[in-house]
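Reading through the structure tokens given below for one structure.
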Amino acid sequence: MIFTVAIDGPAAAGKGTIGRALAAHFGFAHLDTGLLYRAVGTRALDDGRGVIDPAWAAEVARRLDPTDLEGPDLRTALAGQAASKVAALPEVREALLDFQKRFARREGGAVLDGRDIGTVICPEAEAKLFVTASDEARAARRHAELGAGTLESVLADLRARDARDAARDVAPLRAAGDAFLLDTSGMTISEAVAAAIGHVRDRI
Ligand code: C5P
């Protein structure tokens, strides 16, 4: 069976948690596409050039291997910022397109979460969710998760990243017209997951 669940939304809105829960519930494969950009961003910075060179970042993206998507260094705020910088480069997005498109249409069902899944990677997805939460709720969650920095610095970091993701020319962060909007601000994880499962179940 081919069935794609596309989850998009700003940073720390709950996409990953909901994506993993949906994949486990329906027995689908799950891809956190943010990790692709985080891996390219950290590797493109790691070579010591300091600033990100677009041609080099695209080369890193073309050479990316699935085993590069692991490691705690990819979860840091620094990796998030580097990710959103390389994510604005058309050559980088192009290099990562094919892998994501094939993952979305793999046999057995797939859940992908990111910023452009329902709009660019898989506009034909059978189920689309746009997961949001207030800036304050997202910052509080990410702050608890990171266990580092002040709440204010985490909030500023999220806002900077969202602004860059929404303002870029290629594949900007936005909800697909046919996406189900899920605002998780006042919800517990299990309430948000239950709402997402209900939406997907109606479409299978
Ligand atoms: O989801 P996560 O916070 O890990 O994503 C890190 C960054 O990668 C985002 O801020 C965004 O710039 C970029 N990204 C993207 N498209 C995706 C997934 C992530 O541009 N599908």
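Summary of values
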{"item": "Local electrostatic count at E145 - Lys and Arg +1, Asp and Glu -1, tallied over other residues with Cβ under 12 Å", "result": "+4"}
{"item": "Accessible surface of the chain, 1.4 Å probe, proportion on carbon and sulfur as whole %", "result": "56"}
{"item": "Region 4-202 - percent relative contact order, Cα under 8 Å, separation 6 or more", "result": "35"}
{"item": "Interchain or long-range residues, amide H under 5 Å from L31's placed H", "result": "V111, L112, D113"}
{"item": "Within region 1-93, GluC sites (Glu not before Pro) in DSSP loop having at most 11 other beta-carbon neighbours inside 10 Å", "result": "E70"}
{"item": "Contour excess over end-to-end distance, with Cα ends at R62 and R105 and 0.36 nm allotted per residue", "result": "13.4 nm"}
{"item": "Per-pair calculated FRET efficiency, R0 = 30 Å: A166 and D53 via Cβ, rounded to 0.05", "result": "0.80"}
{"item": "Highest-MSF residue in the chain out of V51, V92, V193 [GNM, Cα springs under 10 Å]", "result": "V51"}
{"item": "Mean residue ellipticity (222 nm) of the chain, computed from DSSP H runs ≥ 4 via -39,500 (n - 2.57), nearest 500", "result": "-15500 deg cm²/dmol"}
{"item": "Loop-resident sites, region 51-91, for trypsin sites (Lys or Arg not before Pro), counting at most 12 other Cβ within 10 Å (DSSP)", "result": "R63"}
{"item": "Rounded to whole Hz, the Karplus (6.51, -1.76, 1.60) HN-Hα couplings of region 171-188, x for glycine and proline", "result": "6, x, 5, 7, 7, 5, x, 9, 7, 7, 8, 10, 8, 8, 3, x, 9, 7"}
{"item": "Cleavage-rule hits (GluC sites (Glu not before Pro)) in region 113-200: DSSP loop, at most 16 neighbouring Cβ within 10 angstrom", "result": "E124, E126"}
{"item": "Under the span-like rule (Cα at least 15 Å along the axis, Kyte-Doolittle mean at least 0.5), DSSP H helices of the chain", "result": "189-201"}
{"item": "Net length gained if the chain between L181 and T150 were fully extended (0.36 nm per residue, minus Cα distance)", "result": "8.2 nm"}
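The values are calculated or read from the model by the stated rules, or taken from the named source; none is laboratory data. Only a predicted model underlies this, so the values are computations on that prediction, with no experimental measurement involved. Note that we place each Cβ from the backbone using ideal geometry, even for glycine, and neighbour counts take in every protein chain shown. Please note that ligands, DNA and RNA were not included when accessible areas were found on the heavy atoms of the full protein model with its side chains. Shrake-Rupley method; radii C 1.70, N 1.55, O 1.52, S 1.80 Å.
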